[in-house]
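J.: My structure is below; once you've seen it, I'll send some questions.
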Amino acid sequence: SSKKETINIGFSQCLSDDEWRIVMNSEIFTEADLINDRDVNIIYRTAHGDNEVQIQQIKELMEQPIDLLIVSPNEAAPLTDIVSRVYKMGIPVIVVDRNINSSDFTSFIGGNNLDVGITAGTIALNMLSEKNKDSARILQITGLPGSSPAEQRFNGFLQSVRNNSSHGVDVLNADWHEETAYYKLDSLYRERTEGYDLIFAHNDEMAHAAYRVTRNFDMDAMIIGVDGLITERGGVPMILDNKIDATISYPTGGDIAVRTALNILDGREVDKYNYLNTFPVDSRNAETLYYEGIRLQNQKEKLRELIGRYDHLYLNVERKNVLIFVFSVF
Ligand code: FRU
C-alpha cells in the first residue's frame, strides 16, 4: 500500500551473462519481493566485467540516493577505493562473493575460496591416488586473476597439492569464461604431446571447456570444477553426464544478502564475515543433489504462484476499500 516505507538498495553486479550470476540476481529479486512490510526497491546495474563501468555505476547509484549498497566487485584492486568511499559516506555496504582489498564494508557474504581451493586439492589427490598416479601432470585453469575467488582458489589448491604430493601444477588463465578457456586450452594441447592427468578449473564453465578439448584430442583427464549448479548447463548435470568428475557447490548468497541488508537497516547487529557453506560434489552425491534441487525448485514455483494469488487478493481488497470509500463520500 502507499503507506509502506520504501527502501532503496543499490545492487552493483560485475557480470550478468552466466548462469551463476543469473541465479544470484533471481535470489536477490525474489527475496526483495517476499518482504511485505516495506517496499524493497532494488536498483540494479551490471558492469559486464568492466572495472571502469562498475566504478561509474556505483557513483551513479550513490546519487540516487540509496539506503544501502550490495556489490559483487569485478576485480578487487580497482574497485576498493570506490566501495570504501561509499562505506565512509555512511552508506552500509554488503560485499558479495568477490571481495575488495580493504575491510571498508559492513558485511561480506560468500564462500571461503581458500577452502574451495584446498578442497579441490584434496579431491584431486584422492582421485590421482585411486589411479596410482605418483607423478601426475596437473593444470589449473584460473578465473580473472584480480578477482579474489580466483586468487584464493589458486592459492588453496596449490597449497594443498604441494603440501601433500610432488605433482607439478601448470597454470592457464581464462578469466572465468568458457570460450576463453576453450581457445587457450585448445592451443596448449596443439603444442603438447601429452595431455594432463587432472584439470582443476576455477568454475564449471571453464571445466566444460576442459571437457570439450580433452575429448577432441582424445586425451582423457579427470576434471574438477566449481559452482555446482543444477541448471541445464550446471556442474551437477555435467557430473551425471560424465563430462566432469567433481565440482564444489558454491552458493551465490543472493537471498542472504537481502536479509542481511534489512537487518542492517533495522539496526540489528550483523557479522562482518558470513561464510556460506561449500561442499564437494561427485558421482556419489550428484544424483541426490540434483533431484533434491529440482524438488526445491518446484516448491519455490508453487510458493511464487501462491504469492501471486495473495497479491491479487490483496489488490482486490484494496480496490474494494477504495470503492467503499468513494461510495461513502457520495
Ligand atoms: C560467475 C563466476 C562463478 C564463480 C564466481 C566467482 O560470474 O565466475 O562461476 O564461482 O563468479 O566470483
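The values are calculated or read from the model by the stated rules, or taken from the named source; none is laboratory data. Predicted model only: the values in this text are computed from it and were never measured. When we count neighbours, we look across all protein chains shown, and the Cβ atoms used for this are built from the backbone with ideal geometry, even at glycine.
J.: Could you tell me which numbered condition residue 168 fails, if it satisfies all but one of (1) of a type outside the set (Val, Ile, Thr); (2) at pLDDT 95 or above; (3) farther than 30 Å from residue 102 by Cβ?
T.: (2)
J.: Looking at (1) free of Cβ contacts under 8 Å to residues at least 40 places away in the same chain; (2) buried (at least 20 other Cβ atoms within 10 Å of the Cβ); (3) in a helix (DSSP H, G or I); (4) not basic (Lys, Arg), which is the only condition residue 183 fails?
T.: (2)
J.: Residue 123 - would you say it is surrounded by fewer than 24 Cβ atoms within 10 Å (Cβ to Cβ) and among the β-branched types (Val, Ile, Thr)?
T.: Taking the combined requirement at face value, the residue satisfies it.
J.: Starting from the stretch 11-24, keep only residues that are over 15 Å from residue 226 (Cβ atoms) and part of a loop (DSSP other than H, G, I, E, B), then list their pairs with residues that are among the hydroxyl-bearing types (Ser, Thr, Tyr) and within 8 Å of the ligand (Cβ to nearest atom) whose Cβ atoms are within a distance under 6 Å, requiring at least 6 positions of separation or different chains.
T.: Correct list of pairs: 14/72.
J.: Also: Just to be sure, is residue 244 at pLDDT 95 or above, assigned to a loop (DSSP other than H, G, I, E, B) and within 16 Å of the ligand (Cβ to nearest atom)?
T.: yes
J.: In the stretch 197-210, what residues are under 18 Å from residue 136 (Cβ atoms) and surrounded by 22 or more Cβ atoms within 10 Å (Cβ to Cβ)? Quick ask: steps written out before the conclusion?
T.: So in the stretch 197-210, the residues under 18 Å from residue 136 (Cβ atoms) come out as 197-201, 207, 210.
Scanning the stretch 197-210 gives 198, 199, 200, 201, 207, 210.
J.: Test residue 43 against the stated conditions and say whether it is at pLDDT below 95, surrounded by fewer than 22 Cβ atoms within 10 Å (Cβ to Cβ) and hydrophobic (A, V, I, L, M, F, W, C).
T.: The answer is no for residue 43.
J.: Would you mind telling me which numbered condition in (1) surrounded by fewer than 18 Cβ atoms within 10 Å (Cβ to Cβ); (2) on the phi < 0 side of the Ramachandran plot residue 225 fails?
T.: (1)
J.: Are any of the residues in the stretch 10-31 touching a Leu at 6+ places or on another chain (Cβ under 9 Å), more than 13 Å from the ligand (Cβ to nearest atom), of a type in the set (A, V, I, L, M, F, W, C) and at pLDDT 95 or above?
T.: Yes: the stretch 10-31 contains one or more residues that are touching a Leu at 6+ places or on another chain (Cβ under 9 Å), more than 13 Å from the ligand (Cβ to nearest atom), of a type in the set (A, V, I, L, M, F, W, C) and at pLDDT 95 or above.
J.: Within the stretch 252-267, which residues are touching a helix residue (DSSP H, G or I) at 6+ places or on another chain (Cβ under 9 Å) and not hydrophobic (A, V, I, L, M, F, W, C)?
T.: Once the filter is applied, which keeps residues that are touching a helix residue (DSSP H, G or I) at 6+ places or on another chain (Cβ under 9 Å) and not hydrophobic (A, V, I, L, M, F, W, C), the stretch 252-267 yields 252, 253, 254, 255, 259.
J.: Could you tell me which residue of the stretch 75-118 is nearest to the ligand (Cβ to nearest atom), considering only residues that are more than 20 Å from the chain's Cα centre (by Cα) and of a type in the set (Lys, Arg)?
T.: 85
J.: Could you list all residues from the stretch 137-147 that are surrounded by fewer than 23 Cβ atoms within 10 Å (Cβ to Cβ), modelled with pLDDT of 95 or more and either in contact with a strand residue (DSSP E or B) (Cβ under 7 Å, 6 or more places away or on another chain) or of a type in the set (Ser, Thr, Tyr) (or both)?
T.: Answer for the stretch 137-147, where residues must be surrounded by fewer than 23 Cβ atoms within 10 Å (Cβ to Cβ), modelled with pLDDT of 95 or more and either in contact with a strand residue (DSSP E or B) (Cβ under 7 Å, 6 or more places away or on another chain) or of a type in the set (Ser, Thr, Tyr) (or both): 137, 139.
J.: Shifting gears a bit: Quick one: which residue in 130, 151 is over 21 Å from residue 282 (Cβ atoms) and either out of contact with any strand residue (DSSP E or B) (no Cβ under 6 Å at 6 or more places or on another chain) or in contact (Cβ under 8 Å) with a residue 40 or more places away in the chain (or both)?
T.: The match here is 151.
J.: Still on this structure, I have one more. If you check 214, 180, which single one turns out to be over 26 Å from residue 109 (Cβ atoms) and more than 24 Å from the chain's Cα centre (by Cα)?
T.: None of the other options fit; the residue is 214.
J.: Looking at (1) assigned to a loop (DSSP other than H, G, I, E, B); (2) β-branched (Val, Ile, Thr); (3) away from the ligand (no atom under 16 Å from the Cβ), which is the one condition that is false for residue 231?
T.: (3)
J.: For residue 268, all conditions in the list (1) modelled with pLDDT of 90 or more; (2) farther than 27 Å from residue 96 by Cα hold save one; what is the number of the exception?
T.: (2)
J.: Quick check: is even one residue across the stretch 202-222 in a loop (DSSP other than H, G, I, E, B), at positive phi and either within 16 Å of the ligand (Cβ to nearest atom) or modelled with pLDDT under 95 (or both)?
T.: Among the residues of the stretch 202-222, not one is in a loop (DSSP other than H, G, I, E, B), at positive phi and either within 16 Å of the ligand (Cβ to nearest atom) or modelled with pLDDT under 95 (or both), which makes the answer no.
J.: Pick from the stretch 150-175 the residues that are over 25 Å from the mean Cα position of the chain (by Cα) and not β-branched (Val, Ile, Thr): which of them is farthest from the ligand (Cβ to nearest atom)?
T.: Within the stretch 150-175, the match that is farthest from the ligand (Cβ to nearest atom) is 166.
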